[in-house]
1. Which of the following residues is among the acidic types (D, E), under 22 Å from E171 (Cα atoms) and either more than 19 Å from the chain's Cα centre (by Cα) or modelled with pLDDT under 90 (or both): D37, D103, D92?
2. Looking at (1) under 22 Å from L230 (Cα atoms); (2) of a type in the set (V, I, T); (3) more than 14 Å from the chain's Cα centre (by Cα); (4) surrounded by 15 or more Cβ atoms within 10 Å (Cβ to Cβ), which one does I116 not meet, given that it meets all the others?
3. Restricting attention to the stretch 154-178, report how many residues are farther than 19 Å from D199 by Cα and free of Cβ contacts under 8 Å to residues at least 12 places away in the same chain.
4. Can you confirm whether the stretch 168-188 contains a residue that is among the aromatic types (F, W, Y), in a loop (DSSP other than H, G, I, E, B) and at pLDDT below 90?
5. Out of curiosity, is L43 farther than 21 Å from R120 by Cα, in contact with a strand residue (DSSP E or B) (Cβ under 8 Å, 6 or more places away or on another chain) and either assigned by TED's automatic domain parsing to the domain that holds I84 or not in a helix (DSSP H, G or I) (or both)?
6. So is S178 over 23 Å from V8 (Cα atoms), surrounded by 13 or more Cβ atoms within 10 Å (Cβ to Cβ) and polar (S, T, N, Q) or not?
7. With respect to A224, determine if the residue is in contact (Cβ under 8 Å) with a residue 24 or more places away in the chain and over 29 Å from V8 (Cβ atoms).
Amino acid sequence: MSNLQPNVLIVEDEPPLVELLSYNLEKAGFRPQIARDGEEAILAVEEGKPDLVLLDWMLPYVSGIEICRRIRRNPETRDLPIIILTARGEEDDRIRGLDAGADDYVVKPFSPSELIARVRAVLRRTRPAFDKDTLTYGDISMDLTTHRVSRAEAPVDLGPTEFRLLRFLMEHPGRVFSREQLLDSVWGHDAYIEPRTVDVHIRRLRKAMNLPGTDDLIRTVRSAGYALDLNEQAA
């Protein structure tokens, strides 16, 4: 399974359901991450930057609806796709969930295949980069089939690691990732690599991408990490 597959945060306190969801998501090519209560979920969203949240309505300490509202109130996470899981199937409950900011609503019990289809549908709608053969951002174009990259229509020569790094940043434009998050997502959880290695590859990527007459789109955020950002020239 590719390390660049979408990361799904499962917020659920029932161990059998956590196991079922994790198994089926992994089998479908996603990277599951788990939070067992509301406080853990908020922390995981802020630190782990998932691509989608599967959020149980009934949770210890903080309800799923309240977590959904908090995610939507935070400017850094307000666009994060959220699917609420609940045993409450009444129309009023569905409306409450959607009004709180959920993108979709799945009533328990559900079939794993239906849930995976809903996850894919929400990601296609909210993260179209995951469903394309070509990624574009500003004047950068990346062909995922031929592994060719161009900037302002000029070819760019990238090594395999720089290609994976650029792809990940293009799939999450504007979002800041720490060195540790980039290591996990681009190199994989089992890679024993120093976080400073990320800096070396960012420098190589910058050197390759910054063609004459182009802006530096890789933003360095002091003490936080890196982002691909059209709106702000790199520090």
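1. Checking each option against the conditions leaves just D103.
2. (1)
3. Of the residues in that region, 1 qualify.
4. No: the stretch 168-188 contains no residue that is among the aromatic types (F, W, Y), in a loop (DSSP other than H, G, I, E, B) and at pLDDT below 90.
5. yes
6. Taking the combined requirement at face value, the residue does not satisfy it.
7. No, not satisfied.
This table checks each residue for (1) over 18 Å from F177 (Cα atoms); (2) in contact (Cβ under 8 Å) with a residue 40 or more places away in the chain.
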residue	(1), (2)
N7	no, yes
E12	yes, yes
K27	yes, no
L59	yes, yes
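The values are calculated or read from the model by the stated rules, or taken from the named source; none is laboratory data. Please read these numbers as outputs of a predicted model, since none were measured by experiment. Backbone-built Cβ (ideal geometry, glycine too); neighbour counts: all protein chains shown.
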